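Colleague: Take this structure first; my questions come after.
The values are calculated or read from the model by the stated rules, or taken from the named source; none is laboratory data. If you're wondering where the values come from, they're calculated on a predicted model, not measured in any experiment. Methodologically, a virtual Cβ is constructed for each residue, glycine included, from the backbone with ideal geometry; neighbour enumeration extends over all protein chains shown. Surface areas here come from the heavy atoms of the whole protein model, side chains and all, with no ligands, DNA or RNA. Shrake-Rupley method; radii C 1.70, N 1.55, O 1.52, S 1.80 Å.
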Amino acid sequence: MQEYQYIYRKNFTLVVIFLILITSAMAGAFFLAYNLTSKYVENEFASQKIDVLEETVKPYNDFFQNKIPEISFYQGYLDSAQTSKYIDTIFRKFRFVERVIFYDAEISNHKIPDGIRVNNFSMGPKSVYQFGRDISRDSILLYKNDRPDSLFILKTGDEFNKMAIKFSGFIELADTAQALNDDDRFSVFYSIRSNRITFMNIPRREEIKVYKDLMYKKRPSSPVYEMDMLTFYLNPLKLEIINSHPELYQYISIKPLVYESLENDSGFMENDLPLSGPFSDYKLYFSSGKDFLRKEVNSRFRPIAAGLFIIYFVLVLIAYLIFRNLNINSKLFKLQYDFINNLTHEFKTPVSVIKIAGNNIRSASKLSDRERIHYGKILDEEADKLNDLMNRLLSFAQIENKAIKLKPESINLEVFCQNMIDSYQLKYPGFDIECDIKDVEYFNSDPVLLGSIFQNLIDNAFKYSSPDNKVLRIIIQKVKNRIVFKFSDQGIGIPEKDIRNIFKKFYRVQNQYNQQGSVGLGLAFCAELIKFMNGTITIKSVVGKGTEFRIELPYEI
Ligand code: ATP
Ligand code: MG
């Protein structure tokens, strides 16, 4: 017989190649995904700094856009007490405002000491106060024009003079027929310089008209008009840095624009973004340790890796299922192959015996009575064997297709068993069969099918026991509403690994006893019949000790 593996090509190499392929594809995907994630984090490191800047300068924007213009909303003009209150709220809310100079100014058409004069328009300081966090809560008077000892020094006066000149220029050309536009507002009344913002009270249109008249019309001494001007000294280092991306930026600081890290390879990733407005000499400086960023890369990569793993496991599962399918196919092929082998063998023996007997009869010139009886018996027996074999195959096909019908009748179990034992002892003289029937006499069932089950189990018990120990004990008893048949032999037993397969069609355990006359259909047939009769069959077996089959059928009388 040709070895089976040479005939059926399982092609497990395909599965192995598939596994190698998906594993290397997966490794590639991991590598690529990790690199992309790390590139992505690097890009984020470079781009998200704008977010941090926006968050950080938010209080400044609030200060610039909302708080400073409040000065113009005061009805009338500020005095030093009102200014002090106003500045207090600023100090409380905006940490980066360090010092404020308040110029309480006057405008008139007569000369004002320490002021500037354009045509008849004069603008000069009445008093100058200084407010600061580190100075004292109270304002400090820097200058007062009615005190002869008070000096309007250049350092204090510089900012005032610049603004006053700008304002005079504006009055000189102001179109009083039109409202102030935003550009004028910003360029005339604001001055933004490094770490400093100066703001001058924005006068109403009528006031501008009056100032223009002062400048160009010769009039007697006019009243004194008030004007407020404030210079805010800002410290960018006091801006509160809002790290809106702590996962990307380990350290953020405010550094002068010219700052450069001294270390070449610091193990840090760095980036910066210049601040604007009065802080334009400074920049936000970002740095993160490479290990710190790696952690972020890892945490972003984890879900991707999990996804890749899932895909990988699904693919491996598919590979496994293909492998299992191939295995099942190969087993089926083996079963089929065995079956055909056995069946041809089973058919061949009686056929060749019949052929020899036929030849002998034909070639004999005369047959003695003894020879006639001898050949007749052989032909009869071999035909029976063929018939039996075909019947088994037919009935199996029928039971599988549910094409048989139960023909139940009341069976006297005592008689049924005795007949069975008698015929087997006649067939196998050395076979020791005993039947023990408890608490039950009659059983309503199909005697042919029940007989078939008995025959198969008795045949097996005989076949799979050593010649000197062919013993079978059958116990029949009623348990509740079921009838139990136990067949216990002292045969070779069935290995554990084969037990779950022996009820499968064509399955045979390879051993010395089933080389001849076994197809592997007996137990499968029994199991089908019992299922058909709504019963169950179970087995207990110990190799070398023996086997017990237990059949339970619904009890009917
Ligand atoms: P068939 O019954 O079709 O002639 P078979 O006896 O080989 O062939 P089954 O009756 O289905 O097939 O049994 C399946 C296998 O189970 C057998 O090959 C045999 O190895 C094992 N077996 C069945 N009954 C016993 C038993 N009583 N003791 C030990 N092994 C058994
Ligand atoms: Mg059998």
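Colleague: May I ask you to give the solvent-accessible area per residue for the stretch 456-550, in square angstrom, as obtained with a 1.4 angstrom probe?
Modeller: Working: 4680 Å² over 95 residues.
Ligands and nucleic acids excluded, the figure is 49 Å² per residue.
Colleague: Ok, one more. What are the residues whose amide H is under 5 Å from the amide H of Leu275, where those residues sit 5 or more places off or on another chain and H is modelled from the backbone?
Modeller: Excluding prolines and chain starts, which carry no amide H, the hits are Tyr282, Lys283, Leu284.
Colleague: Can you figure out the FRET efficiency of Lys545 with Asp281, using R₀ = 60 Å and their beta-carbon distance, to the nearest 0.05? Present the calculation step by step, with values, prior to reporting the outcome.
Modeller: Numbers: r = 98 Å, r/R0 = 1.64.
E(calc), rounded to 0.05, equals 0.05.
Colleague: Between Val448 and Ile499, with labels modelled 7 Å along Cα→Cβ, what's the label distance in nm to one decimal, could you check?
Modeller: Calculated label separation equals 3.5 nm.
Colleague: Further question: Want the number for Asp51 to Arg92: 0.36 nm per residue separation, take away the alpha-carbon distance, what's left? Provide the component values of the computation, followed by the final result.
Modeller: Working: separation 41, 0.36 × 41 = 14.76 nm, distance 2.54 nm.
Taking 0.36 nm per residue and subtracting the Cα distance, the gain is 12.2 nm.
Colleague: Once you have the Cα-Cα distance between Ala33 and Phe18, take 0.36 nm times their residue separation minus that, and quote the gain in nm to one decimal. If you can, show how the numbers build up before the last one.
Modeller: Values: separation 15, 0.36 × 15 = 5.40 nm, distance 2.17 nm.
Separation in residues times 0.36 nm, less the Cα-Cα distance, equals 3.2 nm.
Colleague: A further question on this structure: Quick one: of Lys438/Lys531; Lys348/Lys377; Lys85/Lys218; Lys407/Lys478; Lys334/Lys470, which pairs are farther than 29 Å apart, Cα to Cα? Before the final figure, lay out each step's value.
Modeller: Working: Lys438/Lys531 24 Å; Lys348/Lys377 18 Å; Lys85/Lys218 39 Å; Lys407/Lys478 22 Å; Lys334/Lys470 31 Å.
Check vs 29 Å cut-off fails for Lys85/Lys218; Lys334/Lys470.
Colleague: Can you give me the angle between helix 522-532 and the longest principal axis of the chain, using Cα atoms only, in degrees from 0 to 90, rounded to the nearest 10?
Modeller: Long axis of 522-532 versus the principal axis of the chain: about 70 degrees.
Colleague: So how far apart, in nm, are the two label points at Ser194 and Ala306 if each is 7 Å from Cα heading toward Cβ?
Modeller: 5.3
Colleague: Which angle from 0 to 90°, rounded to the nearest 10, does the C-alpha axis of helix 12-47 make with the longest principal axis of the chain?
Modeller: Here the helix axis deviates by roughly 10 degrees.
Colleague: Leaving ligands, DNA and RNA out of it, rank Ile254, Ile68 by accessible area with a 1.4 Å probe, largest first.
Modeller: Values: Ile254 20, Ile68 0 Å².
Accessible-area ranking of Ile254, Ile68, largest first: Ile254, Ile68.
Colleague: List the residues, sorted by chain then number, that are 5 or more residues from Ile242 or on another chain and whose placed amide H is less than 5 Å from its amide H.
Modeller: The list, which skips near neighbours in sequence, is Thr56.
Colleague: List the relative contact order of the stretch 58-238 as a percent without decimals, with contacts defined as Cα pairs under 8 Å and 6+ residues apart.
Modeller: Working: 281 pairs, mean separation 52.4, N = 181.
Once normalised by length, the contact order is 29 percent.
Colleague: What distance in nm separates the simple spin-label points at Asp175 and Arg482, each placed 7 Å from Cα in the Cβ direction?
Modeller: Using points 7 Å along Cα→Cβ, the separation is 10.9 nm.
Colleague: In addition: Check cross-link reach from Lys155 to the aspartates and glutamates: straight Cα distance under 18 Å, and skip same-chain residues fewer than eight apart.
Modeller: Partners within reach: Glu98, Asp104, Asp114.
Colleague: On C-alpha positions alone, give me the angle between the axis of helix 49-62 and the longest principal axis of the chain, in degrees, nearest 10.
Modeller: On a 0 to 90 degree scale, this one is about 40.
Colleague: Is the C-alpha gyration tensor of the stretch 58-238 telling us rounded, prolate or oblate? Criteria: a/c under 1.5 is rounded; beyond that, a/b larger than b/c is prolate, otherwise oblate.
Modeller: It is oblate, given that a/c is not under 1.5 and a/b is not larger than b/c.
Colleague: Dividing the Cα convex hull volume of the stretch 106-189 by residue count, how many Å³ per residue is that?
Modeller: On the way: hull volume 10.8 nm³, N = 84.
Convex hull volume per residue, Cα atoms: 129 Å³.
Colleague: Still on this model: Write out the cysteines belonging to the chain for which the nearest other cysteine Cβ is not under 4.7 Å, or none if no such cysteine exists.
Modeller: Cys526
Colleague: Can you give the FRET efficiency for Val316 and Gln398, using 1/(1 + (r/R0)^6), R0 = 41 Å, r = Cβ-Cβ distance, to the nearest 0.05?
Modeller: Details: r = 44 Å, r/R0 = 1.06.
Taking R0 as 41 Å, the efficiency between Val316 and Gln398 is 0.40.
Colleague: Hey, for a label at Lys331 modelled as a point 7 Å past Cα toward Cβ, could you say which residues of the stretch 486-512 have their backbone N under 16 Å away?
Modeller: 495-510
Colleague: So which lysines pass the test for Lys255, namely a Cα distance under 24 Å, with those fewer than 8 places away in the same chain ruled out?
Modeller: Lys49, Lys58, Lys93, Lys238, Lys283, Lys290
Colleague: Related question: Taking the solvent-accessible surface of protein heavy atoms with a 1.4 Å probe, what is the per residue accessible area of the stretch 172-234 in Å²? Mind dumping the intermediate values first?
Modeller: Numbers: 3450 Å² over 63 residues.
Computed with neighbouring chains in place, this is 55 Å² per residue.
Colleague: Something else about it: For the peptides 355-363, 523-531, 92-100, what is the packing order when you average, over each peptide's residues, the other Cβ atoms within 10 Å and list the highest mean first?
Modeller: Details: 355-363: 11.8, 523-531: 19.9, 92-100: 17.3.
By packing density, highest mean first, the sequence is 523-531, 92-100, 355-363.
Colleague: With the Cα gyration tensor of the stretch 347-404 in hand, convert its eigenvalues to equivalent ellipsoid semi-axes via √(5λ) and list them largest first in whole Å.
Modeller: Working: eigenvalues 221, 22, 8 Å².
The answer is 33, 10, 6 Å, longest axis first.
Colleague: Over 21 Å apart: what share of the alpha carbon pairs of the stretch 405-554 falls there, rounded to a whole percent?
Modeller: Working: 4635 of 11175 pairs.
For the stretch 405-554, the fraction of Cα-Cα distances above 21 Å is 41 percent.
Colleague: In a solvent-free Debye calculation with one equal scatterer on each Cα, what is log10 I(q)/I(0) for the chain at q = 0.11 Å⁻¹, listed in the order of the q values?
Modeller: These q points yield log10 I(q)/I(0) values of -1.05.
Colleague: For Asp213, what charge total do you get from the other residues with a beta carbon under 12 Å from its beta carbon, if Lys and Arg give +1 and Asp and Glu give -1?
Modeller: Details: positive: Lys209, Lys212, Lys217, Lys218, Arg219; negative: Glu206, Glu207.
Net charge around Asp213: +3.
Colleague: Using a 1.4 angstrom probe on heavy atoms only, work out the carbon and sulfur share of the accessible area of the chain in %.
Modeller: Numbers: 17650 of 32060 Å².
Summing carbon and sulfur atoms, their accessible area is 55 percent of the total for the chain.
Colleague: Taking H placed 1.01 Å from N in the peptide plane, check which residues at least 5 places from Tyr555 or on another chain put their amide H under 5 Å from its amide H.
Modeller: For Tyr555, whose amide H was placed from the backbone, the distant partners under 5 Å are Arg482, Ile483.
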